[in-house]
1. Please note which helices (runs of 4 or more DSSP H) are completely contained in the stretch 233-298 and include at least 3 residues that are touching a helix residue (DSSP H, G or I) at 6+ places or on another chain (Cβ under 7 Å).
2. For residues that are assigned to a helix (DSSP H, G or I), loosely packed, with under 15 Cβ neighbours inside 10 Å and touching a helix residue (DSSP H, G or I) at 6+ places or on another chain (Cβ under 6 Å), tally how many sit in the stretch 41-97.
3. On the basis of being over 23 Å from residue 255 (Cβ atoms) and in contact (Cβ under 8 Å) with a residue 12 or more places away in the chain, does residue 74 make the cut?
4. The conditions are (1) touching a residue at least 24 places away in the same chain (Cβ under 8 Å); (2) in a helix (DSSP H, G or I), and residue 159 fails exactly one of them. Which is it?
5. Return yes or no: is residue 259 under 20 Å from residue 373 (Cα atoms), under 13 Å from the mean Cα position of the chain (by Cα) and either assigned by TED's automatic domain parsing to the domain that holds residue 190 or modelled with pLDDT of 95 or more (or both)?
6. If you go through the stretch 211-244, how many residues are modelled with pLDDT under 90 and within 27 Å of residue 130 (Cα to Cα)?
7. Output the residues belonging to the stretch 162-194 that are buried (at least 20 other Cβ atoms within 10 Å of the Cβ) and not in a helix (DSSP H, G or I).
């Protein structure tokens, strides 16, 4: 496909992704949770809500700057990333978990003492969403220019502005290059994931101030989501092995996803729960928590099984038995025991169960809280297909044999 034909694709993707985020906010806040606009849709209120304000800009920039300071100033473990094409390695500061704890402590103390009115997140959500979007477009423009001028790592420039702006020009943009602040690794988690939890807490505070209590469903979804983010930072160094860090250049696609899509849509369950599903059956919530916990067990334990196998294949024991594996022509082995004998990406299944539990906490009054599990399912299937093609090239006939021995892709016995 020529660059001329590729040009509209990047522009279309940016338009669609931006529209999705704002439409979901409209649906949950100004359309009664319905995905279909009707006579009762409050378009005027929606347009007024998404108008950027100076206050929202100061809050967002202060938040972003505060997370930068935590990344720079808090004690950190220095970890080397995977080898770059030239054989060199970049060093990364690992202190995300500490940054999360410090942030949440300060937010809790600030709200309890009255000087941090986080409940104002609810009425100002639209303005914050617009400011974050504008910031993402501006940051992407800076990264496009910076990647061309000072790549600080492998770069790929097509010469097509829209394509380079969307996908990025540099793999590891840093300020200053090589030794400085790593924009991609920072944005991948810090402002968005920690911000997601702070938004959740702000919505819970808004419910408390409006109704005098925080519902059990709100407590459940915040507990599950906080555990999810906590586990992410507990394994922060593992992020260095992901496709985003290793292979994806840092442009609008990842910037918008990290700074707008994640905090702006993953909180939709809590947003819905402010005024809905406030008195669910404790038995139902207990079942949802058990379902989510099962997802955590599958996700964490399956990754631990693979990690133990990679460290010492010969002595690895899984579920009380020596790990079974198959050799490959590359000299490595493919794990066939435990969860990995059930599906080739069974960890994705556990991850998706967690995502679905978030939506289930919000009940069934609207499809909007289920955006994240639906979106995440699409991402996981797409990623699995991409991984499968990559492994087929890497292992050749051995991968065909492995697929025959472990036929399920993600969901054991189903898919």
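1. Values: elements: 243-246, 252-256, 262-265, 268-273.
Once the helices (runs of 4 or more DSSP H) in the stretch 233-298 are filtered for at least 3 residues that are touching a helix residue (DSSP H, G or I) at 6+ places or on another chain (Cβ under 7 Å), what remains is 252-256, 262-265, 268-273.
2. Summing the residues that are assigned to a helix (DSSP H, G or I), loosely packed, with under 15 Cβ neighbours inside 10 Å and touching a helix residue (DSSP H, G or I) at 6+ places or on another chain (Cβ under 6 Å) in the stretch 41-97 gives 1.
3. Details: over 23 Å from residue 255 (Cβ atoms): yes; in contact (Cβ under 8 Å) with a residue 12 or more places away in the chain: yes.
For residue 74, the condition - over 23 Å from residue 255 (Cβ atoms) and in contact (Cβ under 8 Å) with a residue 12 or more places away in the chain - is met.
4. Exception for residue 159: condition (2).
5. Values: under 20 Å from residue 373 (Cα atoms): yes; under 13 Å from the mean Cα position of the chain (by Cα): yes; either assigned by TED's automatic domain parsing to the domain that holds residue 190 or modelled with pLDDT of 95 or more (or both): yes.
In short, yes.
6. 1
7. Within the stretch 162-194, 168, 169, 170, 171, 172, 173, 174, 182 qualify.
A quick yes/no check of all residues on (1) exposed (fewer than 15 other Cβ atoms within 10 Å of the Cβ); (2) closer than 30 Å to residue 396 by Cα:
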position	(1), (2)
276	no, no
328	no, yes
354	no, no
364	yes, no
368	no, no
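The values are calculated or read from the model by the stated rules, or taken from the named source; none is laboratory data. As the structure is a computational prediction, the values presented were derived from the model and not from experiment. For neighbour counting, all protein chains shown are included, and Cβ atoms are generated from backbone atoms with ideal geometry for every residue, glycine included.
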